[in-house]
Amino acid sequence: MNSEDWRDSMDPKWPYSRASAQVRLVIDMYAEAGVTIGVHLKGDEVDFVYEEGALLVRDAYVDRVRTVVGGGDVMDGLIGGVTHYSLAGARMPTVAEALAAIDGRLGAGAATPNHVLSISPVHLCPATEPDAVPADAAPLPSVGPAAGSGVSIYVVDTGLLADAASHPWLEGVTGEEEKLPAAADGTVEIPPYAGHGTFIAGVARCAAPEAGVHVTRLLSLAGATLETDIVRHLDAALGLGPDIISLSAGGTSRNDLPLLGFEMFWERYRKHKGTVLVAAAGNNSSRRPFWPAALPGVVSVGALAADLRSRAYFSDYGPWVDVYAPGERLINAYARGSYRYHEPPRTGERREFWGMALWSGTSFATPFVAGLVAARMSRTGENGRRAADAVLAAARAQALPGVGPVVGTGGLSLSISGRH
């Protein structure tokens, strides 16, 4: 379904209007950048979101795909084994038509959509829009004991606000600057999902106050990015040798198949000894795999409710989720300015923010786990993957019935500090 059809199909009633509002932001922002976004529906819900007019194709199938779709051409290579393929000029110019024909002739998995991965559409992450709290509010979870020295956490997100260091627990955090639009009178309008990267860096630092944290600005279009872009970004990040990569974005996929770009990335990732990818499990309140969190070798993080005794209502779950961490009603660093709500039931309302916010989502459970891994690394000398394995083992030892392995519920600090 193209973006115009999606607009026409929007259900004005709760809960689909939240998804509609979120997806509309992505469609509009990408349209401004010259990219058409498609939306595939399953019943009344969004199945997956993708780049219209392009595919990801396994290199070995490129020539046969060209024959099946009747034209098109290679846009560029992705990483070894995958090609970004344009359907411009092809006899089958839409992704839905092309993939139906390719599946029938070449089999499922020869080509896939170029999925959109996001912190925004379809209740993915964050689960809520931010709420204002006083400027002097203390972070929650609170700043822990000194830990994380010598460990690097690489955060893939919306960038770092210029005044982030005004919060003591964020001093020394680096990143690509996230700039907020200011009016002629100096007032600041906070865009949707702005401050997300800064909030995440703050949560990571609360768990590991001495860790080196760097925040990149990849998710700058309504908190979204194309599969091709994020795979290239993560591949480049591996070359920098971080101990931990924290990723609070992802998406569902066509036929629930692993994202083709990430299959190729995973081949490289597993060969980088020590680096561990920690990724959000998503906020669809579903067992359905959410990628890349559901990939093997990735630490997938679901969210605990504010009571720390149950799963957050929005969190994804199932056997592919490795651990649950605090993710509902967290408090941390945010932007200063005026925010207009885009989602019901507060659509159109405005709130003033003073540098702190209360926010919920598996987005924010993820850096908490990344911080716990960093804290253990600095205490034990283990590499990222071994430390992550130990944190997960401790989480399994105190699993909550009906939830699963958990961290951050109290009593775990000793079990992850090197004493078992």
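Within the range 164-178, which residues are in contact with a Leu (Cβ under 9 Å, 6 or more places away or on another chain) and either surrounded by fewer than 16 Cβ atoms within 10 Å (Cβ to Cβ) or not aliphatic (A, V, I, L, M) (or both)?
Those that are in contact with a Leu (Cβ under 9 Å, 6 or more places away or on another chain) and either surrounded by fewer than 16 Cβ atoms within 10 Å (Cβ to Cβ) or not aliphatic (A, V, I, L, M) (or both): Thr174, Gly175, Glu176, Glu177, Glu178.
Pairs needed: first member in the range 147-163, open to solvent by less than 20 Å² (accessible area, probe 1.4 Å); second member anywhere, assigned to a loop (DSSP other than H, G, I, E, B) and of a type in the set (A, V, I, L, M, F, W, C); C-beta distance under 6 Å; at least 6 residues apart or different chains.
Partner pairs satisfying both residue conditions: Ala147/Ala208; Gly148/Ala208; Gly148/Ala211; Val151/Ala211; Ile153/Ala211; Val156/Leu218; Asp157/Leu219; Thr158/Leu219.
For the range 360-378, indicate whether the set of residues that are open to solvent by 40 Å² or more (accessible area, probe 1.4 Å) and of a type in the set (D, E, K, R) is non-empty.
No - not one qualifying residue is present in the range 360-378.
Please find, among Gly297, Gly302, Gly282, Gly251, the residue that is touching a Phe, Trp or Tyr at 6+ places or on another chain (Cβ under 7 Å) and surrounded by fewer than 18 Cβ atoms within 10 Å (Cβ to Cβ).
Gly297 is the lone residue from the list that is touching a Phe, Trp or Tyr at 6+ places or on another chain (Cβ under 7 Å) and surrounded by fewer than 18 Cβ atoms within 10 Å (Cβ to Cβ).
So which of Ala165, Ala184 is part of a helix (DSSP H, G or I) and not aromatic (Phe, Trp, Tyr)?
So the residue among Ala165, Ala184 that is part of a helix (DSSP H, G or I) and not aromatic (Phe, Trp, Tyr) is Ala165.
When the residues of the range 219-248 are filtered to those that are charged (D, E, K, R) and open to solvent by 20 Å² or more (accessible area, probe 1.4 Å), which remaining residue is nearest to the chain's Cα centre (by Cα)?
Here the answer is Asp229.
Tell me, which residue of the range 78-87 that is small (Gly, Ala, Ser) and out of contact with any strand residue (DSSP E or B) (no Cβ under 6 Å at 6 or more places or on another chain) is modelled with the highest pLDDT?
Residue satisfying both the conditions and the ranking: Gly81.
Looking at (1) on the phi < 0 side of the Ramachandran plot; (2) in a loop (DSSP other than H, G, I, E, B), find the lone condition where Gly274 falls short.
The failed condition is (1).
Of (1) under 23 Å from Asp235 (Cβ atoms); (2) open to solvent by 20 Å² or more (accessible area, probe 1.4 Å); (3) aliphatic (A, V, I, L, M); (4) within 26 Å of the chain's Cα centre (by Cα), Leu25 satisfies all except one. Which?
Every listed condition holds for Leu25 apart from (1).
Pairs under 8 Å by beta carbon, first residue under 18 Å from Gly327 (Cβ atoms) in the range 134-146, partner of a type in the set (S, T, N, Q), six or more apart or different chains?
Pro139/Asn332; Leu140/Asn332; Gly144/Ser413
Would you check if there is a residue in the range 67-77 being at pLDDT below 90 and assigned to a helix (DSSP H, G or I)?
No, because not a single residue in the range 67-77 is at pLDDT below 90 and assigned to a helix (DSSP H, G or I).
The values are calculated or read from the model by the stated rules, or taken from the named source; none is laboratory data. Source: prediction; values computed, not measured. With ideal geometry, Cβ positions are generated from the backbone for all residues, glycine too; neighbour counts draw on all protein chains shown. Please note that ligands, DNA and RNA were not included when accessible areas were found on the heavy atoms of the full protein model with its side chains. Shrake-Rupley method; radii C 1.70, N 1.55, O 1.52, S 1.80 Å.
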